[in-house]
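Asks: Got a structure for you, written out below as structure tokens; questions coming shortly.
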Amino acid sequence: MTRFLSLFPLSVVIVYYVEAFSIRSPQCNKGITNSFSNYKFGNSIKQSPHSMCVGTEVVPTSPMIPNSEGMKFDSDPWQTVKPPGTEFITPFDFSLSQLERPVVMTFSCWDTLIEPSQSVGRWYREALNTVCNMQIRLPRPTFFTKAFNAAFAETSAQYPCFGARNDMTSRQWWDIVIEKTYRTTEYLTEIESDEWPQLLPELTELLYEKIFNSGEGWAVKEDVEFTLQKLRDWRDLGGGPRLGVIDNFDDRLDHILTVLGLRQYFDFVLTSRHTRSEKPAPDMFQQARQICGIPPSSPVAPAEPNPNPVVCSPLCVHVGVSLSADIAGAASAGFLAIHFSERFEEGLPDWAAIESEDQADEGVARRTKTLFWGRRDLSPDPRGPTAGLAWLEVWGLDDVLFLFGLPDDPSKPLKTTYMRAVLQD
């Protein structure tokens, strides 16, 4: 499984360190450095922004869009430090024997199950290029992404739940975001202000209805189908948990999951649009309990820090990527929160600089500690979204299967990612 580091001799580790990078990007083996700390690896090839590979894509984290940690973007700034607010999150040993069979297991969708098939900025740029028949010069996708981030955040604050609380349709809500994005994109100078009313209806139709309401604009993430198939089999044949989706999303989500072939695995799908409530508020989590016939739980107040992950009976589990939305919301609602993280918390030991056996042992011990399941936020500031809370962390979605004792399957797809090769999955 993803979590376990095989403690091979140093020479073997070095071989896998180099080979893993080569497998990940066979067309670019130059410029291998030791600066892999906190790099994030997803489905597409990612390299250092300083490498000279053509066609690679850098993926920093965006703090501007709620529930979007890990979303794909185009270029600098590359995040080489822990995201703000996570400095006090520390690993601790958690015994899996404490876990009983869950009654319900829910997943966030955005960046947990699916992700944009290319960066949002690139899609917005291509849409404008299409509508203008490739007749104008456009700025780089990163400028569209920057404008989108701001437009999304501003519109979300002004009209929560994709406009549901303001009696707007999802389409009307996205009309606002799309117009703000294009009108505020830097260096987009070849379109006059009075030309946008003619272009925007076609742009909205293309982005809202054709790209992001179909399989074209989305990609199913690694491990997802394998994991969901195993959980469905457990549910149908062996009394496993009911499965659901809880996400801050608009009313297209059910259709998107159907088009991508994922809706068949879930008993229910709850969105902020339909429930008029957004994570981290507990409403969607409590509604999931109600659907499964489980009495509502007493919320965990922020003033009552919980030093251990919530392990209550009957056990309800939520898996997601956002600390502020998924982990804080689930843990506060009495769910066992599982953080799906594809980001290294610290760099691998610099094996090339190790000069003694003691240094090698120290590096292995440090990495082994990060493989503990438990995470705890020891922040002294109680206002932090996860301050005082604890949760479990997985680096691959299929680790959820291992958590609850489902046997490994040798037929599962092999992943040739840098992280998995080094960790000997």
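Just so you know, all these numbers are worked out from the coordinates, no wet-lab data involved. Please read all numbers here as calculations on a predicted model, not as lab measurements. Note that we place each Cβ from the backbone using ideal geometry, even for glycine, and neighbour counts take in every protein chain shown.
Asks: What is the count of Lys pairs in segment 102-246 whose alpha carbons sit under 22 Å apart, if the two are 8 or more places apart or on different chains?
Replies: Close lysine pairs under the 22 Å cut-off: 4.
Asks: Starting from the Cα-Cα distance between Ser193 and Leu237, subtract it from 0.36 nm times their residue separation and give me the gain in nm to one decimal.
Replies: 9.9 nm
Asks: What's the local net charge at Arg171, with K and R +1, D and E -1, over the other residues with C-beta under 12 Å away?
Replies: Residues near Arg171 contribute -3 overall.
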